[in-house]
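The values are calculated or read from the model by the stated rules, or taken from the named source; none is laboratory data. All of these numbers come straight from a predicted model, not from anything done at the bench. Counting neighbours? That spans all protein chains shown, and the Cβs are built from the backbone with ideal geometry, glycine included.
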Amino acid sequence: MILQAILRRSTVSKRIAQPVGRGYHDYVRAQTPNGIARIPLSSPRVIGIVNDRGDRSHQEDYYGFATLALNPAELQLSHKRKFGVDWDPESVGEALAGQVVFVGVYDGHGGSAVSQYLRQELHGLLESVQTASVPELYDWIKCLGGYFKRFKGGALTPWINEPPSNELMDLEARANLAFFQVDRNLSSDPVSQTCGATASVALMHSLDSPGTPFFAAKRLALTVAHCGDTRVMLCPVQGGKALPMTDNHHADARTESIRLRKMMGSSLITDSFGESRWMGALVNTRCLGDLRYKKFGVTPEPEVRTKLLNGEEWAYMVLVSDGVSSILSDDEIIDLARNAPDPRTAAQKILKFSQELGGDDNATVIVVPLAGWGKIEGPDQTKELREYRRMQAIGSERQRRM
């Protein structure tokens, strides 16, 4: 239903589309009986986005979206490795086979320079990075010293030697290369020594033939690359209980504490508010920027998770910054988006409620509809809890004003 409604408002071209590889763009293509339609990603029916400064004096939250043109052979390799799926790009056609929709949320700290850079550049870097640059990039990483003296290459290992391997990248390697390249690019700017940003990026690739956009895909390959405490979660049609695709990379998180203690010993300090901070300064132990902390184990290496979605079993995906997730649980976020007429309205409901409960930080909410949009079955599990929290917040505000 959502596909037909959007297609009626979209531009249809009967000409053969340009070959994949000509650069990213701000629309997604869909095959129709009359040709290939171009559907703008900025439509509130396609991706719902709200972004608010809160009570802060400046905005450090940013976001990005684009449709990337990637090598279909690389995507074929990724899906075979991660899902055991033999996807045939030729069954889709050249115009749609390499089409990958990118959606990212970025939360800056110490200033907005790094998060603004990510908004402008990360999607382009994800599309354009090449394995030929890995040996030189690896040398730069090793020169960071400290923690990275022991770095073996991770997902980039096949290409760190000269001459590099001819092996294709999968999406995990591509994300790692792009994230590390961000830090290298930023290293020429002194601001990046003390300014950083967390990032969560979702990459969606339809496996349908004929090709369909992400919001109508019956089979959708999802790859999430994540650094920090921005969050990505899925809402299933059955039951509507949140499925997190990210974990917060905080200093006291189990995976991060193990990683850091193994390489660096312990530099975990609890501040006067009871919050654990690495080196006594940083909440997040993975981020882009903050270059002066890299030698102490703060890494831009993303945690990459994948999931093959039967689109009709999933209603939507939500990405949020910690201005929202520090106030609301994943299940509350997912439930608030229920029954919204469009993705933007769903995002507005989430943001509004977090602010009603006292959220005053920069906040970003992105709601991405999937093929099961509007079909959630089962009760709203957090409705009573949310109403209780709202009444508590109202009572607290009244007492504050007395």
Lone qualifier among D247, D208, D252 - being among the acidic types (D, E) and in contact with a Gly (Cβ under 9 Å, 6 or more places away or on another chain): D208
Selection within the stretch 45-56 - crowded, with 17+ Cβ neighbours inside 10 Å and more than 16 Å from the chain's Cα centre (by Cα): R45, V46, D52
Test: residue in the stretch 10-18 that is touching a helix residue (DSSP H, G or I) at 6+ places or on another chain (Cβ under 6 Å), modelled with pLDDT under 50 and either outside any strand (DSSP E or B) or over 18 Å from D208 (Cβ atoms) (or both): yes
S91 more than 23 Å from N310 (Cβ to Cβ) and hydroxyl-bearing (S, T, Y): no
Filter result for V324 (part of a strand (DSSP E or B) and either aliphatic (A, V, I, L, M) or in contact with a strand residue (DSSP E or B) (Cβ under 7 Å, 6 or more places away or on another chain) (or both)): no
Some residue of the stretch 346-364 being over 23 Å from I394 (Cα atoms), among the acidic types (D, E) and touching a Gly at 6+ places or on another chain (Cβ under 7 Å): no
Matching residues in the stretch 140-191 - criterion: being closer than 23 Å to F83 by Cβ, touching a Ser or Thr at 6+ places or on another chain (Cβ under 7 Å) and in a helix (DSSP H, G or I): P158, L171
Where V103 falls short, out of the listed (1) part of a helix (DSSP H, G or I); (2) surrounded by 19 or more Cβ atoms within 10 Å (Cβ to Cβ); (3) at pLDDT 95 or above: (1)
Of all residues in the stretch 85-107 being of a type in the set (G, A, S) and touching a strand residue (DSSP E or B) at 6+ places or on another chain (Cβ under 9 Å), the one that is farthest from Q59 (Cα to Cα): G93
